[in-house]
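Data first, discussion second: the structure below is written as structure tokens.
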Amino acid sequence: MCRDRTLTEETLRSTIECLPEIADAIHGHTAIFLDGGVRRGTDVFKALALGATGVGIGRPQVWGLAAFGQSGVEAVLDILNRELVHIMQQAGTPTLASIKREYVVQST
């Protein structure tokens with residue numbers, strides 16, 4: 001399902017690169033949760049635009065926890081939320097449901 005003509009033993013495609021193919025293959029029949037590589041609110045926006053139903057954000061939360069405990073986790077979640085809201089405003093998408101694939105430019 002996740003294919004790349006230039007795939008070598010040393011490199012693999014990221015989860016976000018494979019996401020559109022997976023979303024197209026399942027045609028909305030099941031939820032897709034993307035986990036891996038999410039560091040910013042813009043990453044959440046891109047994942048939702050490319051077909052994810054939800055996004056895992058484990059690593060940033062762990063960094064916040066390690067640095068400042070519970071308040072660090074809360075700060076990370078607040079930052080991610082503010083970044084997501086900001087990019088949604090820039091894109092003119094008032095709801096999560098209004099985020100569509102055409103808002104992401106994909107390299108070929």
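No value in this document is a laboratory result; all are computed from the given coordinates. Because the structure is predicted, anything quoted here is derived from the model rather than measured. Because the Cβ atoms are built from the backbone with ideal geometry, glycine has one as well, and the counts that use them run over all protein chains shown.
Looking at (1) out of contact with any strand residue (DSSP E or B) (no Cβ under 6 Å at 6 or more places or on another chain); (2) surrounded by 15 or more Cβ atoms within 10 Å (Cβ to Cβ); (3) of a type outside the set (Val, Ile, Thr), which is the only condition Ala47 fails?
Looking at each condition in turn, Ala47 falls short on (1).
This table checks each residue for (1) buried (at least 18 other Cβ atoms within 10 Å of the Cβ); (2) touching a Pro at 6+ places or on another chain (Cβ under 8 Å); (3) aliphatic (A, V, I, L, M).
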{"site": "Gly51", "(1), (2), (3)": "yes, yes, no"}
{"site": "Val55", "(1), (2), (3)": "yes, no, yes"}
{"site": "Gln61", "(1), (2), (3)": "no, no, no"}
{"site": "Met88", "(1), (2), (3)": "yes, yes, yes"}
